[in-house]
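Just below is one structure, and these are the notes that go with it.
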Amino acid sequence: MGARNYIRIKEFCSSHEIEESFVYELQEFEVIKLEFRDREPILHLTELPRLEKMLRLHRELQINPEGLQAVDHLLKKVRDLQDEVKQLRNKLNRFEDFM
């Protein structure tokens with residue numbers, strides 16, 4: 001039997017002592033993507049770090065799901081800009097090699 005690449009929402013919520021409704025709210029605000037297996041909501045393990053980060057922000061800073069959506073959007077923008085800077089640096093380094 002292969003390794004599972006998902007976690008059941010009930011398992012996650014139970015182990016983190018949160019209500020399932022919190023996870024469903026994050027899905028409504030498109031912060032995470034849930035799937036269903038045998039009519040049971042699951043979360044792919046690739047989404048797990050994002051959910052855990054949002055849960056920490058919610059608990060430590062008391063940010064509501066709407067605020068978490070904004071934070072998630074801004075974090076994505078920062079990652080995109082960091083990627084763009086990296087690409088531009090690589091181009092600049094190649095250009096400088098020709099000089």
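The values are calculated or read from the model by the stated rules, or taken from the named source; none is laboratory data. Quick caveat, the model's predicted, so the values are computed rather than measured. Every residue, glycine among them, receives a Cβ derived from its backbone with ideal geometry; neighbour counts consider all protein chains shown. Ligands, DNA and RNA are excluded from the accessible area calculation, which covers all protein heavy atoms including side chains. Shrake-Rupley method; radii C 1.70, N 1.55, O 1.52, S 1.80 Å.
Per-residue Karplus couplings for the range 29-44, computed as 6.51 cos²θ - 1.76 cosθ + 1.60 with θ equal to phi - 60°, are listed in order as 8, 6, 7, 10, 10, 9, 10, 10, 10, 6, 6, 10, x, 10, 10, 5 Hz, Gly and Pro entered as x. Dividing the mean sequence gap of close Cα pairs (under 8 Å, 6+ apart) by how many residues the chain holds gives a relative contact order of 24 percent. Spin-label model, D80/E52: points 7 Å from Cα along the beta carbon direction are separated by 2.7 nm.
Grab the other residues whose beta carbon is less than 13 angstrom from that of K33, score K and R as +1, D and E as -1, and report the net. Could you put the intermediate results ahead of the total?
Working: positive: R50; negative: E28, E30, E35, E47, D72.
In short, -4.
Summarised in one figure, the compactness ratio Rg/Rh of the chain, Cα atoms and Kirkwood Rh, is 1.17.
Considering only N64, L81, I7, and ranking their Cα positions along the charge dipole of the chain that arises from unit charges at the beta-carbon of Lys, Arg, Asp and Glu, the one farthest toward the positive end is L81. The residues of the range 1-68 have, on average, 69 Å² of accessible surface per residue, using a 1.4 Å probe with all protein chains present.
Entry note, the chain: the mean residue ellipticity at 222 nm calculated from DSSP H runs of n ≥ 4, each adding -39500 (n - 2.57), is -22000 deg cm²/dmol after division by the residues and rounding to the nearest 500. Measuring between their Cα centroids, the range 57-99 and the range 24-44 lie 25 Å from each other. Amide H contacts of Y6 (H built 1.01 Å from N, in plane; Pro and chain starts excluded): L45 sit under 5 Å, all sequence-distant by 5 or more or on other chains. Dipole size of the chain about its Cα centre, with +1 on Lys/Arg Cβ and -1 on Asp/Glu Cβ: approximately 420 debye, rounded to the nearest 20. Quick one: angle between helix 48-61 and the longest Cα principal axis of the chain, in degrees between 0 and 90, rounded to 10, please. It works out to around 80 degrees.
Note on the range 1-91: with neighbouring protein chains present and a 1.4 Å probe, carbon and sulfur make up 50 percent of its accessible heavy-atom surface. With a Förster radius of 30 Å applied to the C-beta separation of R39 and H73, the computed FRET efficiency comes to 0.45. Taking the C-alpha atoms only, the angle from helix 65-98 to the longest principal axis of the chain is near 20 degrees.
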